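Chemist: Before anything else, here's the structure in question.
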Amino acid sequence: MILVGLATCGLAAAGNATLQVIKETLAKHKIDATVMPVGAWGCATWKPLVDIIKPGRPRISYSHMTKDKVAQIIEDYLVNDNPRPDLALGTMGEGTVEGIPRFFELPMLKPQVRIILDSAAL
């Protein structure tokens, strides 16, 4: 599954062009993946954000995606199994990927306290 941030901030940062390149690159390599536009989650300066979720692996977020970068990530990660830690922002979910920090351990996010969306608070 590939998630593409297309809220207002993602659209302003060429998110639609990023989405188009993703679809073209997947077709070029005959990769069957679900591509889902998603809203924002508060990191407008990192747009466009693209997350890739491979079965049995943690979700990897990539920020500041350009047409060239997103095509390269799809080829490197989905075709050649190289998650490109040098381009990754962070991981979410179970497991880790060497060289990629956990998303919620990033300096901007680590001190934040989830209240409204914290399932433990329900």
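Chemist: Zone of residue 40 (label point 7 Å along Cα→Cβ, backbone N under 13 Å): which residues in the range 1-31?
Modeler: 5-15
Chemist: Provide, as a two-decimal number, the C-alpha radius of gyration of the range 1-76 over 2.2 N^0.38 Å, N being how many residues it has.
Modeler: In units of the globular-protein estimate, the range 1-76 measures up at 1.00.
Chemist: Under the rule of at least 5 residues apart or a separate chain, name every residue whose amide H is placed under 5 Å from the amide H of residue 38.
Modeler: 4, 5, 6
Chemist: For the range 71-79, what does the Karplus curve 6.51 cos²θ - 1.76 cosθ + 1.60, with θ = phi - 60°, yield as ³J(HN,Hα) per residue in whole Hz, taken in order and with x for Gly and Pro?
Modeler: 5, 5, 5, 4, 5, 5, 8, 7, 8
Chemist: Find how much the distance from residue 28 to residue 86 grows on full extension, using 0.36 nm per residue of separation minus their present alpha carbon separation; answer in nm with one decimal.
Modeler: Roughly 18.5 nm would be gained on extension.
Chemist: Next question. Under the rule of at least 5 residues apart or a separate chain, name every residue whose amide H is placed under 5 Å from the amide H of residue 100.
Modeler: none
Any read-out appearing in this document is the output of simple, stated calculations on the displayed coordinates, not a laboratory observation. What you see is a predicted model, and the numbers here were worked out from it, not measured in a lab. As a convention, Cβ positions derive from the backbone with ideal geometry for all residues, glycine included, and neighbour counts pool all protein chains shown.
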